[in-house]
Amino acid sequence: MTNYLRYSLNWIKVFKINLFLSIFAWLFLIGLNPLNAKPVPNSFSDLVEKLSPTVVNITSSSLIPNRQDQVPKLPPGSPFEDFFRDFLDKDQDGSPRRPRRGTALGSGFIISSDGFVVTNNHVIENADQIEIEFFDGRLLEAKVVGTDPKTDVALLKVESKEPLDFATFGNSNRAKVGDWVLAIGNPLGQGFSVSAGIISARGRALSGSYDDFIQTDAAINRGNSGGPLFNMDGKVIGVNTAILSPNGGSIGIGFSMSSTVVEKVVEQLKNYGETRRGWLGVRIQDVTEDVAEALGIEETNGALVTDVPDGPAGKAGIVSGDVIIEFDGKAIKDTRELVRIVGDSPVGKTVSIKVLRGGKKISLSVKLGRLEDNMAKKKPSRQQKKELEFAGMVISDLDKELASKFNIDKEVVGVIILDVKVGSLAAEKGLRKGDVIIQVDQVKVENTSQISKLNNKAKSEGRSSILMLILREGLRRFVGLSVQ
């Protein structure tokens, strides 16, 4: 009897396991994934049919400059001068060359029924004629409303007698790595081609201060530029902008500027014909571990202020050496984050800022200016001379002769690095010949003896590092250096 019961119980366990596996497999097959993952679409056809009328092909053209500019520089009166001019400006039959037009192909998408179209700035840059081709074959001329080279976004306008189908922006911040996406555009001039893939990564930066790219393996080629990247809800979460490729064709590494960035830029271009970004008026760098040690702070979060030209920050009391850790209630991780948050802030808004100064948190209030109206200018001043070896460097007081030799502004005050020994501490920190030391531990220096005194002071206080502010090619940067 006991063996019978044991056999029955084992059979029941096996039955339950098989039943569970069968239900799991059945749910997966009908698309109700028990792991909460989105099922693989059977087809994108319904979505493509709905979205295609919102996408356009763009052909931009401009006159090619006169080829007389390509005539080599020759001695005055050279007999070859006329030869080259004739060669460049005349056809084979000897008749004058007519001005030629160069064309560029790209993509775009309609964002309103009254004809606003979004594309990349590089698609229409310098064009004097822009033609839009719609999905139904219609052709309309477009005018430029505004452009933003910083994010490579352009807003165009077409006049249509009938309301147009249009796409709407989605929230790219909700997009996840692994989500399905669709790219529709005009790759290599083929017109209204569709490619599908997934989001490979988010938050990519290529070269701009305001970059926030979505990386995708959906095929993007030349001509896709300016076209939309759709999510599975049919919303635009990116504008296809660039690819990484050794041969110019798609290898599955494409980049779309996120809708979070594009939507704000488009709104400003529509309202003002230009962008209006907030401007704080500081030069900044990331806080590295050695700089943090020199400043006596534990974390590397924040943006370290290297220079404060005339502007909002200076008026608010921000000084070089401050570490901005919070802006308008948002914690600052690094310089890139601060630049984006400031740029997204309204011009004229008064915001609160928290900085670390001398190990203490200080709260300040700043009224933001407008970036486009306020390009920071350098504030140099005077000079002197004497050489010294320090931390593997040969340094000297900066005089007019050295300033001229190293192409440094005559008004700059500081100590110049004349040489850096290979393998030295200074070399490891990236210091190099021609750099100018303008501050040590936030004290302005005019000669080499000051650097020695400040180094000895740090040593007597038991500190292991000093903080140098370096000027290189007009840009300032902090470097933490061990006490000598």
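The values are calculated or read from the model by the stated rules, or taken from the named source; none is laboratory data. Source: prediction; values computed, not measured. For neighbour counting, all protein chains shown are included, and Cβ atoms are generated from backbone atoms with ideal geometry for every residue, glycine included.
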Here the qualifying pairs (Cβ atoms under 6 Å; residues six or more apart or on different chains; first in region 390-418 and under 13 Å from LYS433 (Cβ atoms); second surrounded by fewer than 20 Cβ atoms within 10 Å (Cβ to Cβ) and among the polar types (S, T, N, Q)) come out as GLY392/SER424; ILE416/SER396; LEU418/SER396
For the structure I just gave you, tell me whether THR216 is without any contact (Cβ under 8 Å) to a residue 60 or more places away in the chain and either closer than 17 Å to ILE110 by Cα or hydroxyl-bearing (Ser, Thr, Tyr) (or both).
yes
With respect to GLU289, determine if the residue is modelled with pLDDT of 95 or more, surrounded by fewer than 22 Cβ atoms within 10 Å (Cβ to Cβ) and out of contact with any Lys or Arg (no Cβ under 6 Å at 6 or more places or on another chain).
no
Among the candidates GLU162, GLU133, single out the residue that is of a type in the set (D, E, K, R), surrounded by 13 or more Cβ atoms within 10 Å (Cβ to Cβ), out of contact with any Lys or Arg (no Cβ under 6 Å at 6 or more places or on another chain) and more than 20 Å from LYS270 (Cβ to Cβ).
GLU133
Within the bounds of region 422-429, is there any residue that is β-branched (Val, Ile, Thr), out of contact with any Cys (no Cβ under 8 Å at 6 or more places or on another chain) and outside any loop (DSSP other than H, G, I, E, B)?
no
Looking at region 276-377, what strands (runs of 3 or more DSSP E) fall wholly within it and have at least 1 residues that are in contact with a Pro (Cβ under 6 Å, 6 or more places away or on another chain)?
360-367
From the set of residues in region 397-421 that are surrounded by 21 or more Cβ atoms within 10 Å (Cβ to Cβ) and in a loop (DSSP other than H, G, I, E, B), which is nearest to the chain's Cα centre (by Cα)?
ILE408
Screening GLY234, GLY249 for residues that are modelled with pLDDT of 95 or more, farther than 21 Å from LEU155 by Cβ and in a loop (DSSP other than H, G, I, E, B) leaves only GLY234
Within region 147-181, the residues that are at positive phi and touching a residue at least 40 places away in the same chain (Cβ under 8 Å) are ASP152
Please state which one of THR306, THR300, THR288 is of a type in the set (S, T, N, Q) and farther than 20 Å from ARG472 by Cβ.
THR300
